[in-house]
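Asks: Please find one structure pasted underneath; my questions will follow.
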Amino acid sequence: MTIAVAGAGSIGVAFALVFARAGREVRCWDPVPQSLDRAERDLADRLARLDSHGLLAEPADDIAARVSFCPKLDDAVRAATLVQECAPERLELKRALFAELAGITGPDVVLASSSSAIRPSVIAEELPAADRILVGHPGNPPYLIPVIEVVPSPVTSARMVEQASETYSAAGLHPVVLGREVEGFVFNRLQGALLREAYCLLRDGVASVEDIDTVVRSGLGRRWAVIGPFETVDLNTRGGIAAHAEKMGPAYARMGAERGQHDPWTPDLVAKAEAERRALLPLENWDARVRWRDEQLMALSAFEQAQGSHRVPAGDDNVSASPSDFRNP
């Protein structure tokens, strides 16, 4: 089965790598011929770097050979089961491209946008293939951050959602299907919440850019490399997430109110979070999971020590770095 990538910029190359590394044939298109030449060089460079870290299961040249670069969109989408649109984040451009794709692909082809924030219903509005259009928003770069948000519009068919999810899973990604579309989806809404507070803390003279990055890099981010925010608070308080909400909910409400936000953790909302966490982790297994978390963090610390973790000067991209030093977004 073939995957088509429409747009040969950075994220397009990244998707081509993901699918080719998983054994799929990939046809990559871009309307600018020079972009195709650059993309071919970029693909080779990324594969070489992955290979140097032992992250390829086969020779880089074999993976690269599965990717072809097409100057014509018709050629790229021929025989494709999924088209991954990777055009710039401009609505009018994406709508024009999807209108063209609707006319040159069959009814069984998923049309997926890599948009970071635009809702799929806005992209698909009044297009003939609206039932085949969804968003497949990756972590960047997806060959290193393997989560992908699958966001259907209200008219996207369930079959297309399932087909897209299966395709992404087969490529080694972890699809998260959203229950409804919202601007920014989950990834950028979570990231945006942290960025908004980071900018406020900087503005208010509470901490510097580097200090805030240090708190995230050496604190929050370190935990989040192992567990997410709900599991973090569930494991931080004996009694689990309900106990945490009872103890800390008022303080978080005051912090939100200070920023003009009023999103209280209501009893019903806490009960929903508690029920989902207990389905995942019964309280009788809480101590064992806390030990597991600590073991994971110990393993991360031991790995960094073995690698000789060190600081990298800001903006210096030409030095060797340990995993904890890869700090650019």
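The values are calculated or read from the model by the stated rules, or taken from the named source; none is laboratory data. Computed from a prediction, not measured in an experiment: that's the story for all the values here. Using ideal geometry, Cβ is built from the backbone for each residue, glycine included, and neighbour counts are taken over all protein chains shown.
Asks: Could you list, in sequence order, the residues of the stretch 187-198 that are surrounded by 14 or more Cβ atoms within 10 Å (Cβ to Cβ) and among the polar types (S, T, N, Q)?
Replies: Hit for the stretch 187-198 is 188, nothing else.
Asks: Do we find that residue 95 is in contact with a strand residue (DSSP E or B) (Cβ under 9 Å, 6 or more places away or on another chain), closer than 22 Å to residue 155 by Cβ and not polar (S, T, N, Q) in this structure? Walk me through how you get there before you give the answer.
Replies: Details: in contact with a strand residue (DSSP E or B) (Cβ under 9 Å, 6 or more places away or on another chain): no; closer than 22 Å to residue 155 by Cβ: yes; not polar (S, T, N, Q): yes.
No.
Asks: Of everything in the stretch 285-305, what is touching a residue at least 40 places away in the same chain (Cβ under 8 Å) and out of contact with any Gly (no Cβ under 8 Å at 6 or more places or on another chain)? Give them in sequence order.
Replies: Matches in the stretch 285-305: 289, 290, 293, 296, 297, 300.
Asks: Within the set of pairs 6 or more residues apart or between chains, which connect a residue that is among the basic types (Lys, Arg) inside the stretch 1-25 to a residue that is at pLDDT 95 or above with Cβ atoms less than 6 Å apart?
Replies: Final answer for the pair search is 21/63; 24/3.
Asks: Quick one: residue 169 ticks every box in (1) in the same structural domain as residue 104 (by TED's automatic domain parsing); (2) crowded, with 16+ Cβ neighbours inside 10 Å; (3) assigned to a helix (DSSP H, G or I) except a single one, so which number is it?
Replies: Status for residue 169: all satisfied but (2).
Asks: Which of the numbered conditions does residue 49 fail, given that it passes all the others? Conditions: (1) more than 13 Å from residue 114 (Cβ to Cβ); (2) touching a Phe, Trp or Tyr at 6+ places or on another chain (Cβ under 7 Å).
Replies: (2)
Asks: Among the residues of the stretch 172-186, which ones are surrounded by fewer than 23 Cβ atoms within 10 Å (Cβ to Cβ) and not β-branched (Val, Ile, Thr)? Explain how you work it out, then say what you get.
Replies: Going through the stretch 172-186, the residues surrounded by fewer than 23 Cβ atoms within 10 Å (Cβ to Cβ) turn out to be 172, 174-186.
Answer for the stretch 172-186, where residues must be surrounded by fewer than 23 Cβ atoms within 10 Å (Cβ to Cβ) and not β-branched (Val, Ile, Thr): 172, 174, 175, 178, 179, 180, 181, 183, 184, 185.
Here's the yes/no breakdown for (1) surrounded by fewer than 19 Cβ atoms within 10 Å (Cβ to Cβ); (2) under 12 Å from residue 4 (Cβ atoms); (3) modelled with pLDDT under 95; (4) out of contact with any Pro (no Cβ under 6 Å at 6 or more places or on another chain):
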site: 68; (1), (2), (3), (4): yes, yes, no, yes
site: 73; (1), (2), (3), (4): no, yes, no, yes
site: 86; (1), (2), (3), (4): no, yes, no, yes
site: 90; (1), (2), (3), (4): yes, no, no, yes
site: 93; (1), (2), (3), (4): yes, no, no, yes
site: 96; (1), (2), (3), (4): yes, no, no, yes
site: 104; (1), (2), (3), (4): yes, yes, no, yes
site: 113; (1), (2), (3), (4): no, no, no, yes
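Asks: Sticking with this structure for a sec: What residue, of 124, 129, 158, is in the same structural domain as residue 29 (by TED's automatic domain parsing), over 26 Å from residue 22 (Cα atoms) and surrounded by fewer than 21 Cβ atoms within 10 Å (Cβ to Cβ)?
Replies: On inspection, the qualifying residue turns out to be 129.
Asks: Going through 78, 27, 46 one at a time, which residue ends up being basic (Lys, Arg), surrounded by fewer than 19 Cβ atoms within 10 Å (Cβ to Cβ) and closer than 22 Å to residue 168 by Cα?
Replies: Only one candidate qualifies: 78.
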